[in-house]
Amino acid sequence: GTPRGQGRATQLSSPFPVCSLDVPFPSSREATIALRSLSPDKEPRKGGISKLITVSGSTLSVRWSADEARILRVSVNSFLDHLSLVMETMEMFGPPVAV
Amino acid sequence: MTVVIGFEGSANKIGIGIIRDGEVLSNPRRTYITPPGQGFLPSDTARHHRAVILTVLKEALEQAGLKPADIDCVAYTKGPGMGAPLVTVALVARTVSQLWGKPLLGVNHCIGHIEMGRLITKANNPTVLYVSGGNTQVIAYSERRYRIFGETIDIAVGNCLDRFARVIKISNDPSPGYNIEQMAKKGSQYVELPYTVKGMDVSFSGILSYIEDAAHKMLSSGQCTSEDLCFSLQETLFSMLVEITERAMAHCGSQEVLIVGGVGCNKYAEAFKFCIDNGAMIAQAGWEMFRSGQVTELEDSWITQRYRTDEVEVTWRD
């Protein structure tokens, strides 16, 4: 099935905007494949944003915090584009071979 | 038998090629062409590549008549180039490498050009003139490194041509350099331009600002035509490149020059399809690297906009 994500962006009482995204995959292996494809590249912007990608079970989780909402938006949008490309690739050329 | 698939998308071309022991099995490519007067920006270029990359990948496999199981290694451009397009391509390469259970190899784009040039020409140990929209270097192999003997100290020669094409608003289809070359053939008047060789190196941004200025003044006053400027620019740029290449050849005692990179298409139509960025050149460099025992771990597979040709240890040559 096609993985679906749930995300929310929250402006907390602190000045630092955060966002969290949880994406279920059909298996832990596939979530890990996505993680290893999406994590190597550094954020283009040197400061003002931090992003953590992890896998737990078959869910890929991303947590952001940024100095400004604008910076957060750029990073989240970019990540969503990348995630959708990875997912489309997995759909077209998967499932992963037997290990 | 070793089969390598190579992914390239560091500028406005997205190409995926498959090589088996020196034979190009497939090499499909798409080019992002902008309207006259406009260059290509990273985010738009990445969007272009993203829209077509999976189709091109399917084509590469179908045209080669291969299945993923037949592939031994997945090579991709680690750098140098534009960040957003490099990431788009690396994402797909990393994903299929894991889906298919094949090792990954990050390739230096410039070395891709060199290895494809060596494969096609079978030149023994040439001096390499690497000229494109993004790079201008004179390179010679020595003791496990592709050493940069001379280079541009500012912009690439192809960048100079591309930006001049924008000023006179000629078409970017199939490429601005190609259209400048066609117009240059109709030029009859030589307009003197600054000649800026600096020892082993060259500089192009001075010529660019001079000719941009000259274009506005001389074209409106009718002193010369666009064709004359195209002709004069080509002659000046290529004379400068010849000078620094000859200097390097004298240093190395070399008799052959290998010209690679998109600007090399100018006047050298035979190797046209391999001079321009393509996937097979990345596959070929990947083939050499893989067979000499190199592999890129996923954690180290990040792309980089700057990546000098001499940073790579050339483990596949003596």
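All of the numbers you see were taken from the coordinates with simple rules; none came from a lab. Owing to the predicted nature of the structure, the values given are computational and were not obtained by experimental measurement. Positions of Cβ are generated from backbone atoms using ideal geometry, with glycine treated the same way; all protein chains shown enter the neighbour counts.
In this structure, the residue pairs whose Cα-Cα separation is over 22 Å, taken from B:LYS78/B:LYS122; A:LYS46/B:LYS78; B:LYS67/B:LYS122; B:LYS186/B:LYS217; B:LYS13/B:LYS198; B:LYS122/B:LYS267, are B:LYS78/B:LYS122; B:LYS67/B:LYS122; B:LYS13/B:LYS198.
Within chain B, antiparallel bridges make up roughly 65 percent of the DSSP beta bridges whose residues both belong there.
FRET efficiency for the pair B:ASP300 and B:SER43, taken as 1/(1 + (r/R0)^6) with r the Cβ-Cβ distance and R0 = 25 Å, rounds to 0.45. Along chain B, the longest continuous region that contains none of the GluC sites (Glu not before Pro) in a DSSP loop with at most 13 other C-beta atoms within 10 Å is B:1-142.
Residues B:SER301, A:SER84, A:SER58 in ascending order of nearby Cβ atoms (within 10 Å, fewest first): A:SER84, A:SER58, B:SER301. What shape does segment B:112-153 have by the C-alpha gyration tensor, where a ≥ b ≥ c are the square roots of the eigenvalues, rounded means a/c under 1.5, and otherwise prolate means a/b greater than b/c and oblate the rest? Oblate, because a/c is 1.5 or more while a/b does not exceed b/c. Among B:ILE71, B:ILE16, B:ILE153, the largest mean-square fluctuation in a Gaussian network model of chain B (Cα springs under 10 Å) belongs to B:ILE153. Phi angles across segment B:2-17 convert, under the Karplus curve 6.51 cos²θ - 1.76 cosθ + 1.60 with θ = phi - 60°, into 3J(HN,Hα) values of 10, 10, 10, 9, x, 10, 10, x, 6, 10, 8, 9, 10, x, 10, x Hz, Gly and Pro given as x. Note on A:78-86: average number of Cβ atoms from other chains within 10 Å of each residue's Cβ is 4.
Listed by Cβ neighbour count within 10 Å, with the fewest neighbours leading, B:ASP70, B:ASP228 appear as B:ASP70, B:ASP228.
Exposure proxy for B:HIS251, B:HIS216: other Cβ atoms within 10 Å of each Cβ, ordered fewest to most, give B:HIS216, B:HIS251. Across peptide B:98-105, the mean count of Cβ atoms from other chains lying within 10 Å of each residue's own Cβ comes to 4. When the charge dipole of the protein assembly as shown is built from unit charges on Cβ atoms (+1 for Lys and Arg, -1 for Asp and Glu) and taken about the Cα centre, the candidate among B:TYR178, B:SER232, B:VAL128 whose Cα reaches farthest toward its positive end is B:TYR178. For chain B, the relative contact order works out to 28 percent when only alpha carbon pairs closer than 8 Å and six or more residues apart are counted.
Between B:ASN124, B:ASN12, B:ASN172, find the one with the highest GNM mean-square fluctuation for chain B; connect C-alpha pairs within less than 10 Å. Between B:ASN124, B:ASN12, B:ASN172, it is B:ASN124 that shows the largest mean-square fluctuation. Each helix, a run of at least 4 DSSP H residues, gives -39500 (n - 2.57); summed and divided by the residues of the protein assembly as shown, these come to -13500 deg cm²/dmol at 222 nm.
Axis angle, to the nearest 10 degrees, between helix B:279-291 and the longest C-alpha principal axis of chain B: 50 degrees. Classified by the C-alpha gyration tensor, segment B:1-132 has an oblate form. Its axis ratio a/c, with a ≥ b ≥ c, is 1.5 or above, and a/b does not exceed b/c. Principal-axis analysis of the Cα atoms of chain B puts helix B:42-64 at an angle of about 50° to the longest axis. Shape verdict for segment A:8-90, please, from the Cα gyration tensor: rounded (a/c under 1.5), prolate (a/b greater than b/c) or oblate. Prolate, because a/c is 1.5 or more and a/b exceeds b/c. Partner shielding of A:91-99 amounts to 4, given as the average count of beta-carbon atoms from other chains within 10 Å of each residue beta-carbon. Once the convex hull of all Cα atoms in segment B:204-291 is built, its volume per residue stands at 149 Å³. Restricting the calculation to Cα atoms, the protein assembly as shown shows an Rg/Rh of 1.01 when the hydrodynamic-style radius is the Kirkwood one.
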